[in-house]
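See below for the structure under consideration.
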Amino acid sequence: MEQRIQELFEQQMSVWETLRDNYAALDNVRVKTLEVGGVTYKVQFNPARIVSSGAKVDPKTIAARKCFLCAENRPEVQKGVEFNGHYTILVNPFPIFPRHLTIPDNRHTGQSIIERIGDMLDLAARLPDFTIFYNGPRCGASAPDHAHFQAGSRGFMPIESQWRSLVAARLGELRQATLHVLKDLPRTTLVIESTDKDDAAQLFDLIYDEMTLHFGEEEPMMNVLSLYDDGRWVIFIFPREKHRPSCYTAEGDDRLLSSPASVDLGGVFITPVESDFEKLDARILAQILEEVCLSRNDFEELIRRIQEDLCKK
């Protein structure tokens with residue numbers, strides 16, 4: 001599979017000018033480092049990502065546009081690699097990573113994780129050089145109407161190398177799967193580590209069932225990352241409270257176009273506007289995290305419910 005993906009990248013780079021230009025532009029993105037609560041975050045100025053960060057995802061806008069993940073609406077030049085019988089792996093033409101993939105379901109069906117966590121773990125195992133990520137329908141997904149994953153080059157997000165040093169406690173186990181909580185407030189992070197795919201999926205389902213479903217939402221708000229390393233899956237779960245921070249719709253100097261998704265919570269905040277990149281500092285970053293992630297009290301309550309469930313297993 002890795003070889004097929006490499007061949008896909010080479011083929012798409014050779015024939016798709018927009019994609020080629022946007023990957024070349026990655027060499028010139030500006031990056032700075034901030035620290036919030038002892039955790040390192042990177043901030044990337046990436047103008048091409050305005051397509052995603054600025055996407056309107058209200059029902060009226062979604063209904064009025066053609067779905068850009070459906071095969072019949074994709075650019076003719078865009079080709080893909082089939083996966084698991086009902087996904088297509090595509091090269092993302094608006095990259096954050098040196099190699100960035102989008103992996104839509106072949107059917108037009110809503111964005112949802114609960115019946116797809118096994119597929120996500122399969123992707124991680126088949127693509128060990130990538131981290132797989134999932135954005136909930138109101139947690140950064142620019143196509144909430146079409147189920148999909150994304151994948152990016154391993155080692156790009158700070159949390160991948162930081163997380164073991166941030167473990168605050170081991171919350172419990174479900175056979176071969178272990179659940180940790182990180183000490184990284186105001187970000188709220190749970191980590192599943194498992195040598196068994198089914199145990200990891202069952203533990204994820206248990207956590208999902210204990211998360212709060214807000215009125216009018218399709219599923220509990222969350223972002224998820226998954227990677228596979230030396231026979232072991234690692235799953236990062238970021239429970240959320242809010243889709244976008246107040247600065248997204250603020251007026252004047254208070255406005256900052258930040259729509260945090262999995263990559264941002266993984267430690268790389270994307271700013272498509274240069275002035276936003278300039279003014280985003282540790283204080284503003286902490287405020288954004290406090291708004292979109294669970295409050296300390298709500299996170300502690302979620303942990304309590306999860307531990308009660310684990311004790312019953």
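The values are calculated or read from the model by the stated rules, or taken from the named source; none is laboratory data. This one's a predicted model, so the numbers in the text were calculated from it and none came from an experiment. Cβ placement follows ideal geometry from the backbone for every residue including glycine, while neighbour counts extend to all protein chains displayed. Quick note on the areas: whole protein, heavy atoms, side chains included, nothing else; ligands and nucleic acids left out. Shrake-Rupley method; radii C 1.70, N 1.55, O 1.52, S 1.80 Å.
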First compute the accessible area of the range 108-238 with a 1.4 Å probe, then give the percent of it belonging to carbon and sulfur atoms. 43
Based solely on its DSSP helices, what 222 nm [θ] is calculated for the chain when runs of n ≥ 4 H residues each add -39,500 (n - 2.57) and the sum is averaged over all residues, nearest 500 deg cm²/dmol? -9500 deg cm²/dmol
Pop a pseudo-label 7 angstrom from the Cα along the beta-carbon direction at both R304 and S246 and give the gap in nm to one decimal. 2.7
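List the relative contact order of the range 136-234 as a percent without decimals, with contacts defined as Cα pairs under 8 Å and 6+ residues apart.
The normalised contact order for the range 136-234 reaches 23 percent.
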Contact order relative to length of the chain, as percent, for alpha carbon pairs under 8 angstrom and 6 or more apart: 20
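Mind checking the full-extension length gain between N73 and E173? Use 0.36 nm per residue of separation minus the Cα-Cα distance, one decimal, nm.
Between N73 and E173, full extension yields 31.6 nm more.
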Lys and Arg at +1, Asp and Glu at -1: add these up for the other residues within a Cβ distance under 13 Å of A71 and post the number. 0
For the range 175-313, what does the relative contact order come out to in percent, with C-alpha contacts under 8 Å and a separation of six or more? 24
Using a Förster radius of 30 Å, what is the FRET efficiency between M1 and D196 based on their Cβ-Cβ separation? Nearest 0.05, please. 0.90
Other-chain or far-sequence residues with amide H under 5 Å of D145's (modelled H): Q111
Local electrostatic count at E82 - Lys and Arg +1, Asp and Glu -1, tallied over other residues with Cβ under 14 Å: 0
Å² per residue, accessible surface of the range 56-152 at 1.4 Å: 39
Compute the Rg/Rh shape ratio of the chain: radius of gyration over Kirkwood radius, all on alpha-carbon atoms. 0.94
1/(1 + (r/R0)^6) with r = Cβ-Cβ of D253 and D27, R0 = 45 Å, i.e. FRET efficiency to nearest 0.05, evaluates to 0.90
What pairs in K60/K197; K32/K183; K197/K312; K42/K197; K242/K312 have C-alpha atoms more than 27 Å from each other? K60/K197; K42/K197; K242/K312
Shape of the range 1-89 from its Cα gyration tensor (a ≥ b ≥ c, root eigenvalues): rounded if a/c is under 1.5, otherwise prolate when a/b > b/c, or oblate? oblate
What's the Kirkwood radius of the range 194-303 in Å, using all Cα pairs? 15.7
For a quick protection proxy, order the peptides 82-91, 107-116, 136-145 by their average other-Cβ count within 10 Å, most packed first. 136-145, 82-91, 107-116
How much net charge surrounds G118 when only the other residues with a Cβ under 9 Å from the Cβ of G118 are counted, with Lys and Arg +1 and Asp and Glu -1? -2
DSSP-defined antiparallel bridges as percent of all bridges, the chain, nearest 5: 95
